[in-house]
Amino acid sequence: MVYDVENRKRLEHLKAKCEEFKEKKFPQSIEHQAAFYEHKQISKMYFFSKPRLAWCAVPKAGTSSIKTLDTKDMFGPYHRHDKRTAGAKRFHMKYRATMMVARHPIERLLSGYKNKIIGHIRNAPGHELSDDLSFPEFLEAIANYPIKEANRHFQPAAYLCNPCFHNFTYIMKMETYARDLKVIVYKLTGKSINVAHKHQSGGPKISKIEELLDGVSADTLEKLINHYYLDYVFFDYDLNETLEILGKKQKEEALENQKKQ
């Protein structure tokens with residue numbers, strides 16, 4: 001199956017990048033360097049009884065769809081642990097499979113902004129924000145808030161699920177969400193499902209990401225890249241396109257500053 005091939009590539013890519021990370025081959029400016037090593041827990045884990053599936057939930061990355069599977073007599077009822085320490089052998093022995101879902105950092109932030117800010121759950125980065133906050137203003141607030149203290153809806157997936165400390169069986173992506181989930185459900189239960197989800201594409205295009213980042217300062221974008229660096233790298237999202245946008249913003253702002261002098 002296509003997903004089997006892609007999932008194997010995703011896991012191999014993740015393993016290689018985790019080795020680089022452990023060998024400190026990533027930029028020292030990345031905030032995750034300290035936070036990731038100290039935070040050896042999974043933030044929120046759901047355990048489904050029927051297929052013995054353990055799923056690390058990443059907010060704004062298909063969580064609602066997966067949680068409803070227990071009502072369809074697919075996965076059976078689930079129970080939740082808000083924290084799960086890394087390295088527990090029983091965790092991997094007891095459960096048949098483990099999975100998580102990744103999403104492009106900027107698109108995930110946009111989804112969180114629409115749902116949690118416009119949707120009136122306003123304790124976004126860690127404290128309350130105004131309803132009329134624009135997306136650039138929201139990103140500025142996120143960029144200037146410590147990862148450890150941020151609301152989990154906006155913490156990086158790498159921080160929430162610690163993929164270098166847990167051997168996940170399946171890595172899903174929002175860009176292929178319906179297909180990925182359909183294959184995994186069939187593998188675990190032998191049952192077919194239809195998954196209707198709007199986030200189906202070959203991945204976000206640079207023009208779309210650039211449009212989303214319109215009005216965002218170079219300083220804010222640089223901080224966001226540091227915040228979500230490991231999400232880009234571990235889950236194979238194109239960091240270069242975001243760095244290209246950052247370069248443009250830096251040049252534009254430098255020209256503006258020269259004109260003012």
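Summarising the label geometry, the points placed 7 Å from Cα in the beta-carbon direction at N257 and E20 lie 2.9 nm from one another.
In what order, largest first, do D132, D4, D236, D180 sit by accessible area if the probe radius is 1.4 Å? Let's see the in-between values first.
On the way: D132 125, D4 45, D236 95, D180 0 Å².
Result of the area sort, largest leading: D132, D236, D4, D180.
The mean accessible area for residues of region 209-261, using a 1.4 Å probe and ignoring ligands and nucleic acids, is 55 Å² per residue.
The values are calculated or read from the model by the stated rules, or taken from the named source; none is laboratory data. The structure displayed is predicted, hence computed values, not measured ones. Note that each Cβ is placed from the backbone with ideal geometry, even for glycine, and that neighbours are counted across all protein chains shown. Ligands, DNA and RNA are excluded from the accessible area calculation, which covers all protein heavy atoms including side chains. Shrake-Rupley method; radii C 1.70, N 1.55, O 1.52, S 1.80 Å.
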